[in-house]
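To start, the structure itself, in structure tokens.
The values are calculated or read from the model by the stated rules, or taken from the named source; none is laboratory data. None of the values given here were measured: they were computed from a predicted structure. Glycine also receives a Cβ, built like all others from the backbone with ideal geometry; neighbour counts cover every protein chain displayed. Heads up: the accessible areas ignore ligands, DNA and RNA and are worked out on the full protein's heavy atoms, side chains in. Shrake-Rupley method; radii C 1.70, N 1.55, O 1.52, S 1.80 Å.
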Amino acid sequence: MPATVAEIMSVLEKLAPESLAEEWDNVGLAVGDPGAKVTKLWVALDPLPEVVAAAVNDGAQMLLTHHPLIFTPIRNLRFNDPLADTIRLAVTSNLAVACAHTNLDRAAGGVNDVLADRLGLSGQSPLDPEMAIPACISSDSSDDLRPMGWVGELPSPMKLAELARFVRQRLDAPWVRFSGHPEAIVGIVAVCGGSGSSLLHHFFRSRATAFISGDFRYHDARNAQARGRTLVDIGHFASERLVVPALAQMLRDRFTKQGLTVTVKAYEEETDPFIPVA
């Protein structure tokens with residue numbers, strides 16, 4: 001049977017409980033009628049105007065993204081503004097728009113789990129040692145405490161320059177940059193999807209010698225360099241886009257289990273806003 005928006009949000013709550021989100025975040029249903037029927041759901045990384053338009057044109061009744069449509073408070077809805085116009089399109093097209101952001105970063109099978117798995121990490125431990133991991137992890141429990149990043153062993157130690165190429169290949173990233181000596185041997189790394197700068201203090205206290213994440217700044221690299229550590233910047237986009245097909249599949253599995261007939265499409269046509277120069 002078709003699902004309602006509220007039923008889909010209930011399934012999402014079991015996969016990525018809103019209690020896992022950071023206090024500053026804005027997750028959940030941003031636009032739409034909780035009672036509306038949904039037969040086609042799109043999953044994407046960003047609620048860009050073109051993504052919303054494509055979902056509408058494809059006949060979707062709901063769009064679930066990683067990044068929020070409304071992130072900071074808005075004071076008006078002037079339709080010459082891209083955000084306001086996107087909201088207008090969603091509302092007039094009866095497209096519900098929701099997101100799972102930092103709660104999906106921490107969720108079992110979420111952003112950081114997918115990133116660590118894609119890089120083949122083993123012997124994983126939380127990047128933040130204060131973030132306890134239950135002995136038996138169940139994504140059905142909102143009491144599970146999940147880390148915002150992982151520390152783990154690479155499939156085999158490798159030189160830093162080789163690691164950068166390995167990461168780019170495994171993530172199919174349009175670009176990768178690193179700080180540190182290219183010949184330095186790396187065996188244990190930290191990973192975090194999105195922006196890793198705020199977790200540098202955890203990285204410096206960890207057993208990892210390289211930190212793989214996105215959005216590192218100049219002074220982050222200098223700070224790491226002074227401590228004999230290395231950074232591998234994969235960009236925000238490449239570090240998170242892997243979760244789109246993963247989340248879509250988790251939703252399909254849950255819908256099938258609950259007897260909900262919802263077609264789930266993973267939208268993978270988005271591209272990195274930064275274009276490297278050869």
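Annotations
- Of all residues in the stretch 118-127, those being surrounded by 17 or more Cβ atoms within 10 Å (Cβ to Cβ) and not polar (S, T, N, Q) number 4.
- Check on Glu23, in a helix (DSSP H, G or I) and either open to solvent by 60 Å² or more (accessible area, probe 1.4 Å) or touching a Gly at 6+ places or on another chain (Cβ under 6 Å) (or both): no
- Residues that are among the aliphatic types (A, V, I, L, M), in contact with a Gly (Cβ under 9 Å, 6 or more places away or on another chain) and part of a loop (DSSP other than H, G, I, E, B) were ranked within the stretch 209-261; the one that is most open to solvent (accessible area, probe 1.4 Å) is Leu242.
- Enumeration of residues in the stretch 26-45 that are buried (at least 19 other Cβ atoms within 10 Å of the Cβ) and in a loop (DSSP other than H, G, I, E, B): Val27, Gly32, Leu45
- Residue within the stretch 194-201 that is closer than 30 Å to Trp42 by Cα, part of a strand (DSSP E or B) and of a type outside the set (A, V, I, L, M, F, W, C) present: yes
- Those residues of the stretch 149-171 which are farther than 23 Å from Pro126 by Cβ, outside any helix (DSSP H, G or I) and open to solvent by 80 Å² or more (accessible area, probe 1.4 Å), in sequence order: Lys159
- Checklist (1) out of contact with any helix residue (DSSP H, G or I) (no Cβ under 9 Å at 6 or more places or on another chain); (2) open to solvent by 80 Å² or more (accessible area, probe 1.4 Å) applied to Ser206, failing item: (2)
- Filtered by the rule that a residue be modelled with pLDDT of 75 or more, farther than 22 Å from Ala248 by Cα and out of contact with any His (no Cβ under 6 Å at 6 or more places or on another chain), the stretch 103-146 gives Leu121, Ser122, Gly123, Gln124, Ser125, Pro126, Pro129.
- Residue count for the stretch 80-117, restricted to those that are open to solvent by 10 Å² or more (accessible area, probe 1.4 Å), aliphatic (A, V, I, L, M), within 12 Å of Leu247 (Cα to Cα) and part of a helix (DSSP H, G or I): 1.
- Flag if Leu251 is among the hydrophobic types (A, V, I, L, M, F, W, C) and farther than 25 Å from Asn57 by Cβ: no
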